[in-house]
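The values are calculated or read from the model by the stated rules, or taken from the named source; none is laboratory data. As the structure is a prediction and not an experimental result, all values here were calculated from the model. We place every Cβ from the backbone using ideal geometry, glycine too, and count neighbours over all the protein chains shown.
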């Protein structure tokens, strides 16, 4: 209604003589362009509500007229005719009506078209293609490769795979031949829409680990038909391909590494590169051919400290087993202590392993070794004086009880003799 009243008032009062030369529609947004009192004019409004979003008035002190509007990328291009064809310009606007840049065209223009993100200008039978970055090209791009969908910009008639269409968004994956025709002008290009191939699995290094499933149909995995969500659990290199109309659309190379875990006697954990472990372990995998430091390995307990590398199929994992002591802190004083030693541990110069209970009073030193070098020293003291005092008190108690008993016996004997 707002636009209708505006145009009616302009016509009746002849105050705003607007000459509309063309119109372009995108969904419910309409662009009417032409001239207003000798200046280039554009009105952008909503087709349903007639709400005017914005207007553009282009005045350079000459007789200007907007003769064509092209939707290119995220912007619009407007072709300006100046002084009835003596000069032409291209204006580059954003969708809020802000002028970004302009360019003078030193060509005699015959016709103009809009397709596939280009403003196309016919210059005496030769075509110039102006892209969304305002570059003038003499050879357009004739293949477009996108993911999931394509938004097609055009004015004229659209054919998708030789079928007439009025849609702007194509979501069908695969290969499509696009034809855009406007009067005698015809443009072809190839459109390739890739699938969103969603692989579900534990990401690991430059691939996945253990097993994967793929959420997609119409795929070949290593040249064999794949059923969506089928489990792939054999480690190796996989080629995931998608063909349409016998044309290769996608070729995805995926590495699947074997699942490798280690067990510490209580629980299991993933074995990964550069892991530092401070306890004996056994290693398991979902493949049989394992090598540890170049030798065949079959789940044996690994209890020696040092550097290790495990070969598991296409994967090589480096890890390290180090010494550990627990149950005691540096410079602490205990009445007794129970410590645990793993690896190369020395107590007062003597190698120890496993659990050790210490109650003898004295000063102790622990040395944690790695590659023949001391990497940690722990000093602690055992002081069981309280235990000694407790034992001494018990002895005094026993002696006291003994004396009481002896006195009682002596008194009993005296009483007996007295009665006799």
**Per-region count, the stretch 301-313, residues in contact with a strand residue (DSSP E or B) (Cβ under 6 Å, 6 or more places away or on another chain), touching a residue at least 24 places away in the same chain (Cβ under 8 Å) and within 27 Å of residue 256 (Cα to Cα)** = 2
**Request:** Could you list all residues from the stretch 40-73 that are part of a strand (DSSP E or B) and surrounded by fewer than 18 Cβ atoms within 10 Å (Cβ to Cβ)?
**Result:** 46, 52, 53, 54, 55, 57
**Request:** Only residues that are without any contact (Cβ under 8 Å) to a residue 24 or more places away in the chain, surrounded by 14 or more Cβ atoms within 10 Å (Cβ to Cβ), under 41 Å from the mean Cα position of the chain (by Cα) and under 23 Å from residue 140 (Cα atoms): list them for the stretch 74-118, please.
**Result:** 102
**Item:** Options 142, 164, 152, 178; residue that is farther than 30 Å from residue 84 by Cα and free of Cβ contacts under 8 Å to residues at least 12 places away in the same chain
**Value:** 164
**Request:** Would you point out which residue out of 375, 317 is assigned by TED's automatic domain parsing to the domain that holds residue 272 and either modelled with pLDDT of 90 or more or in a strand (DSSP E or B) (or both)?
**Result:** 317
**Message:** Kindly evaluate residue 144 against the criterion of being part of a loop (DSSP other than H, G, I, E, B) and either touching a strand residue (DSSP E or B) at 6+ places or on another chain (Cβ under 8 Å) or farther than 30 Å from residue 52 by Cα (or both).
**Reply:** no
**Prompt:** So, in the stretch 335-350, of the ones that are surrounded by 12 or more Cβ atoms within 10 Å (Cβ to Cβ) and more than 12 Å from residue 378 (Cβ to Cβ), which residue ends up farthest from the chain's Cα centre (by Cα)?
**Reply:** 335
**Request:** For residue 298, indicate whether it is in contact (Cβ under 8 Å) with a residue 60 or more places away in the chain, closer than 15 Å to residue 262 by Cα and not assigned by TED's automatic domain parsing to the domain that holds residue 209.
**Result:** no
**Request:** Go through the stretch 136-154 and give me each residue that's exposed (fewer than 12 other Cβ atoms within 10 Å of the Cβ) and within 12 Å of residue 72 (Cα to Cα).
**Result:** 151
**Request:** Scan the stretch 246-261 residue by residue and report those that are free of Cβ contacts under 8 Å to residues at least 24 places away in the same chain and farther than 18 Å from residue 200 by Cβ.
**Result:** 246, 248, 251
**Request:** Could you tell me whether the stretch 170-180 includes any residue that is surrounded by 16 or more Cβ atoms within 10 Å (Cβ to Cβ), under 21 Å from residue 78 (Cα atoms) and not assigned by TED's automatic domain parsing to the domain that holds residue 80?
**Result:** yes
**Prompt:** Among the listed residues 190, 196, which satisfies the condition of being in contact with a strand residue (DSSP E or B) (Cβ under 7 Å, 6 or more places away or on another chain) and outside any strand (DSSP E or B)?
**Reply:** 196
**Asked** If a residue has to be within 30 Å of residue 145 (Cβ to Cβ) and surrounded by fewer than 16 Cβ atoms within 10 Å (Cβ to Cβ) to count, how many in the stretch 247-290 make the cut?
**Response** 4
**Request:** Scan the stretch 88-108 for residues that are out of contact with any strand residue (DSSP E or B) (no Cβ under 7 Å at 6 or more places or on another chain) and assigned to a strand (DSSP E or B) and report the count.
**Result:** 0
**Item:** Among the candidates 300, 344, 338, 329, residue that is closer than 30 Å to residue 363 by Cα and not in a strand (DSSP E or B)
**Value:** 329
**Item:** Criterion violated by residue 369 - all others in (1) modelled with pLDDT under 95; (2) surrounded by fewer than 17 Cβ atoms within 10 Å (Cβ to Cβ); (3) in contact with a strand residue (DSSP E or B) (Cβ under 9 Å, 6 or more places away or on another chain); (4) not assigned by TED's automatic domain parsing to the domain that holds residue 287 satisfied
**Value:** (2)
